[in-house]
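For reference, the structure discussed in these notes is given below.
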Amino acid sequence: MSRLLGDPPASGALGATEVSPEEIVSRVERSGLRGRGGAGYSTGAKLRAVLGSAAGGREPFVVANGYDADRQSPIAATLLERQPRRVLDGIAIAARAVGATRAYLYLHPESTATRTGALAALSTAASDLGDLGVEIAIGPGGFAGGEESIALAVLESRKAMARQRPPYPAREGLRGRPTLVQSVETLAWLPSIVREGPDGFRASGTAATPGTKLVSVTGAVARPGVYEVGFGTTLGTILDGAGVAAGLKAIHVGGPTGGLLAASRRDVTLDYAELAAVGAHLGSAQIRAIPAETCVVAEAGRLFAYLAEESCAICVPCRVGTKRVEGILAGITSGLGRTADLPWLTEIGDQMARFSLCGFGITAPQILRTTMAEFGAEYRAHIDDGRCPTGTCAPTRVRRYERMVQP
Amino acid sequence: MSLLTNLQPGESQLPTVSHHGEIPSGQPTVTITIDGQEITAVAGEAILRAAQRAGFNVPTLCDDEKLAPAAACRMCLVEVEGHDRPLPSCHLPVEAGMRIVSASDGLFKERRQNLEYILSDHNAYCLPPCQVSCPTHIDIPGYLELMAKGQHVEAARLVKETLPFPFTLGLVCPRPCQEVCRRGLVEEEIAICQCHGYTGEMVMEMDQAPTPFPQEVASGKRVAVIGAGPAGMTAAYYVALKGHAVTVFDRLAKQGGMLRYGIPEYRLPKVKLDKELDCVWQLQGTEFKGGMELGRDFTVDDLLTRGYDAVFLGIGAWVSNEMRVPGEGLRGVIPAVQFLRDNASGIPVEVGKGSRVVVLGGGFTAFDCSRTSRRLGAEVTLCYRRSRKEMGAHYTEVDDAEHEGIRLEFFVAPVRVVERDGRVAGVEFQRMELGEPDASGRRRPIAVVGSEHVIECDIVIAAFGQTPDLDFVKKEQGLRKTRRDTIITNAAFVTDRPGVFAGGDAVIGASTVIQCVAQGKLAAKAIDRFLAGADMAEVAKEIAAEEEVPELIDIVPYKPEEPQVRMPFLPYAERVLSFELIEKGYNKAAAEKEAGRCLQCVCPDVGRCDLQRLSLEHKLTDNRFHRAEPVDYHDYEYDLTHDFILRDLNKCINCTQCVRICKDVIGADCYGLMGTGFDSIVTTPFNASLNFTDCVSCGACVETCPTGALMLRERDLTSYEIDVVRCIYCGDCVEVCPHGALGETPNFELSTYKRFGVTVLSKEELAGARTWKVSEQIPLGGHEDTRPPEIRPPGPPPWGA
């Protein structure tokens, strides 16, 4: 069974030059590798799509996303600091597979140590890269900067704003050319899959989602940090491994836009489909243990306050919608809530998920859906009884949103 | 292939389609289905473009066909088969066989929600509620702004566009505008009426009153206006301004109608009324014929046969409604209208010093009667069957009456008039209490059993409203009346008889002066259109559409406090036995100060604003994100630094059209979307003035802005001069002028302005100057060869010389 954070692969030529590009794609397809960036799209299918778009002589690019948008989940940084050569090898293999000669390693501006390490690894490996040019690019900072279309905008020296898809980058990405955008973690799997065959990779994980995943366990745990676990592991197991405290209230899965599950959901497994079924997503693979004394409504409000600051601001539902949800939630935690606020939040959430431009706004309503479904009683206590069940809410506003009456 | 790629250099060009919907032959096309309808689209173009060409109304706020799509506003999202989420049609290129849903209940609701977000941070006023609520729709912010600048004649001109008698209305109007004034949300409403009262008073002193526009040349048509009251006089004024000859008939000897014979002197001095009404007689072709009563001295037929092309019936409502209680025929019971008219005409009335008067009613007329009686020395009790709140009269009037010593009795209804010696000795009342609201929304009074009591008095004045006197209708053809005794007309004020119009109280029943003025104004418009041979059904539709109350008026107001400038009033002590005018009027400084308080809560972009249009289309006239904390909205300063472009970031909706047009079309690249999240704004680098950018003042950003965030700055007109000595003939000014005010001529050296002391050269003159040399004077008028000697050193040599 191969592990990402296990022994580094043997040194030597990068890019699996002994395997033909077609064979690389085929092996990746057979491995069932899915993108680790959060959406879980099949990597083999993506490679195939880029190859297809590049057929017309449009040379593709490779972008390795090591941005770590969710700063509580430093997965790319961990990999790049501990396995830089594996990542570079993965980039080289991917580039060879799609026929790219330029690749970009896209990093967060605050990941200075990672950047230094990656630069050192790059200079060491320069001779092993052949004619592949790998450059390090620095993103704009902030949560939205990790979104793939924003990464492409930054690489084009444009304002860091999301771009509507379709067309997907595999068809039209950087500078209009086919672009393979993969997370650093996904790419780091390629060396072992391509060189050793998919069997070792498939030894862990589930049939639908083989392999292991780096997750960041945070919050009320004794040993927070990045762990490598197989897909299909239950959230409870992961939390126990990090030493979770007793009396947990909720598990926040998937980073700032992820859903908040009740602590009783410990048996939910780490799996794209299963997380989606309960209203969460893998996202940044942060698993946060929320302690008992946290008010979930206030927590949802804090998340939306953060999102309202971090939205790239191009599309309306995300830019304004997040702010308005924050306002409604702050109204509820300030004792100004009304029963009609709950269906209103549902309405807003549904619209935001359907009308937003990128994953940011599409996934943000998960917070609302999960908290309202799993902690409905807490919302109602705030609204009906005017009290916070945890006793932690202090009024933050004196006026709530009102319906306007035309003069 | 996306449209973005198409804009990349070296890639294929955007498909070219003419603006007016024709696909040029030779373009590869595909067939797509929108809402079940198959349409042909140019391969590679955006769905939105194809849909618009096929006549689908897909809403959008950030699309401009000159620009790369941004998919920012999320209004043009459509359902595309095979995609689980709606996609922006401005961004997605058509593909053969695509099946698209562009309109559905779900999309409508979601787009509406989206608009609600946009409007919730569109911190701006839309329409001024005062103007909307005024029956005549005076441009109130407009004249107040002019007044604040001290341009009072201009202000009067503007007021007179819809209201010919600003002084009179300043005194007698019930002020519906002030009730809705947004300044009232800050502290206290603007004294709107007193302000136009001031302009009206000021221009009354002029020999020739200003008109809103010059009177048109005589049309040869003649119009008879019957009734010299507010409706008739207004109609006469505007009909005359259109160049038609107007004769105003009135059954009373003097002009003014109810203004003269209904409203007492202390509210409106008749000398001043006459002076103001003079503005009608100053117009060419107007004449007044007093003492001529319709039905007695002439009929409508007579007028039409005597050469009048149209007749306007503004006969008012002069019959006081009956009390409908026993004893109302007794001596000492006076109908309100008769009492006021007799008093105004100088006919002695029965009320005098020491008489005890009971006035019945709660409207303006009741108060006019009470306060008049009081001034004649009587002890007055005003009795009303509901509470103070339900009174029809303005609250200031009620307060004043009380201060002047009039007793107010509420919740009493007359049961009978008590008789002694063949005349009135008192009125028996019954106490009332309020029950359920009736059709008018006022709570219906119900009698309290056993509460009968008598108030003793010598005179009873009944002011239960008035009705038009329509006895003459029997003798006329084609005139019909309602059960309420009003004349039936359509929205264009046309009666069933062509050429005969009616308006004012005679049509809408007894109402306020301002409503009658509004009627007169609209009727004049209809009459003018009738005389021009227009289809009156069309005119009726137009007028109805104009008078529709707009649904979207307000967004989010905020302004610092400043109290109203108080109107000086005649002290209560001096009102005893005196008909002196109560409102003393503003002086110039006070009027300008008060006018300056106006929030100017009107957006110059109204009518051109796509956001407003879409909001109305989506029935978004309320907003659920209103009135929360300041952090929920943005309150930016106006940027007035640029000479031509006014930036109001409060209205910006982040559509980024200006960013794209300035960068991709103009090339100046002045704007960008700065920051992230809710607090992001579209502005210049470092939020600096446009003066510090590469702005060429082309106005493209203003033109493309879908709302009022970028507007052309309103300016007082100035003339510009060119310093010929410093001009290097670069032609930049010609190139950037967005309005083509500067042009190139065949001989560009001659296209200078004020060269050789010539002020302005006409196009023809410049065209004719083709053969003239720089050093030569351009002959003006005819192009004869009269070359004067060289008077200036020659300019730079022509290019390539």
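The values are calculated or read from the model by the stated rules, or taken from the named source; none is laboratory data. Fair warning: this is a prediction, and the values are worked out from it, not measured in the lab. Here Cβ is always computed from backbone atoms with ideal geometry, including for glycine, and neighbour counts include all displayed protein chains.
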*Within the bounds of region A:351-358, is there any residue that is basic (Lys, Arg), within 20 Å of the chain's Cα centre (by Cα) and surrounded by 24 or more Cβ atoms within 10 Å (Cβ to Cβ)?*
no
*Is it the case that region A:231-240 has a residue that's surrounded by fewer than 21 Cβ atoms within 10 Å (Cβ to Cβ) and touching a Phe, Trp or Tyr at 6+ places or on another chain (Cβ under 8 Å)?*
no
_Residue, surrounded by the most Cβ atoms within 10 Å (Cβ to Cβ), within region B:620-671, restricted to residues that are within 33 Å of the chain's Cα centre (by Cα) and of a type in the set (Lys, Arg)_ = B:Arg647
_Subset of region B:603-628 (residues that are touching a helix residue (DSSP H, G or I) at 6+ places or on another chain (Cβ under 8 Å), part of a loop (DSSP other than H, G, I, E, B) and within 14 Å of another protein chain (Cβ to nearest Cβ))_ = B:His618, B:Lys619, B:Leu620, B:Thr621, B:Asn623, B:Arg624, B:Phe625, B:Ala628
*If we keep just the residues of region B:629-641 that are charged (D, E, K, R) and away from chain A (no Cβ under 14 Å), which is farthest from A:Gly321 (Cα to Cα)?*
B:Asp639
*Of all residues in region B:172-188, count the ones that are touching a helix residue (DSSP H, G or I) at 6+ places or on another chain (Cβ under 6 Å) and either buried (at least 20 other Cβ atoms within 10 Å of the Cβ) or without any contact (Cβ under 8 Å) to a residue 60 or more places away in the chain (or both).*
7
*With respect to the numbered conditions (1) part of a loop (DSSP other than H, G, I, E, B); (2) more than 30 Å from B:Glu179 (Cα to Cα); (3) free of Cβ contacts under 8 Å to residues at least 60 places away in the same chain; (4) not hydroxyl-bearing (Ser, Thr, Tyr), which one is the sole condition not fulfilled by A:Pro389?*
(3)
*Any residue in region A:324-344 that is within 14 Å of chain B (Cβ to nearest Cβ), in a helix (DSSP H, G or I), without any contact (Cβ under 8 Å) to a residue 40 or more places away in the chain and crowded, with 18+ Cβ neighbours inside 10 Å?*
yes
_Options A:Ala92, A:Ala97, A:Ala103, A:Ala120; residue that is among the small types (Gly, Ala, Ser), more than 26 Å from A:Ala55 (Cβ to Cβ) and touching a residue at least 24 places away in the same chain (Cβ under 8 Å)_ = A:Ala120
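Okay, residues lined up against (1) away from chain B (no Cβ under 14 Å); (2) among the charged types (D, E, K, R); (3) touching a Gly at 6+ places or on another chain (Cβ under 8 Å):
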residue	(1), (2), (3)
A:Ala353	no, no, yes
A:Cys358	no, no, no
A:Arg369	yes, yes, yes
A:Ala373	yes, no, yes
A:Ala377	yes, no, no
A:Gly391	yes, no, no
A:Arg400	no, yes, yes
A:Met404	no, no, no
*Within region A:151-174, tally of residues that are over 19 Å from the mean Cα position of the chain (by Cα) and without any contact (Cβ under 8 Å) to a residue 60 or more places away in the chain*: 6
*Please find, within region B:393-410, the residue that is modelled with the lowest pLDDT out of those that are surrounded by 20 or more Cβ atoms within 10 Å (Cβ to Cβ) and not in a helix (DSSP H, G or I).*
B:Ala393
_Hey, B:Gly435 at positive phi and either free of Cβ contacts under 8 Å to residues at least 24 places away in the same chain or not polar (S, T, N, Q) (or both) or not_ = no
*Is there a residue being surrounded by 19 or more Cβ atoms within 10 Å (Cβ to Cβ), more than 19 Å from the chain's Cα centre (by Cα) and away from every other protein chain (no Cβ under 14 Å) anywhere in region A:301-323?*
no
*So B:Thr162 clears everything in (1) in a loop (DSSP other than H, G, I, E, B); (2) more than 10 Å from every other protein chain (Cβ to nearest Cβ); (3) over 20 Å from the mean Cα position of the chain (by Cα) except one condition, right? Which one?*
(3)
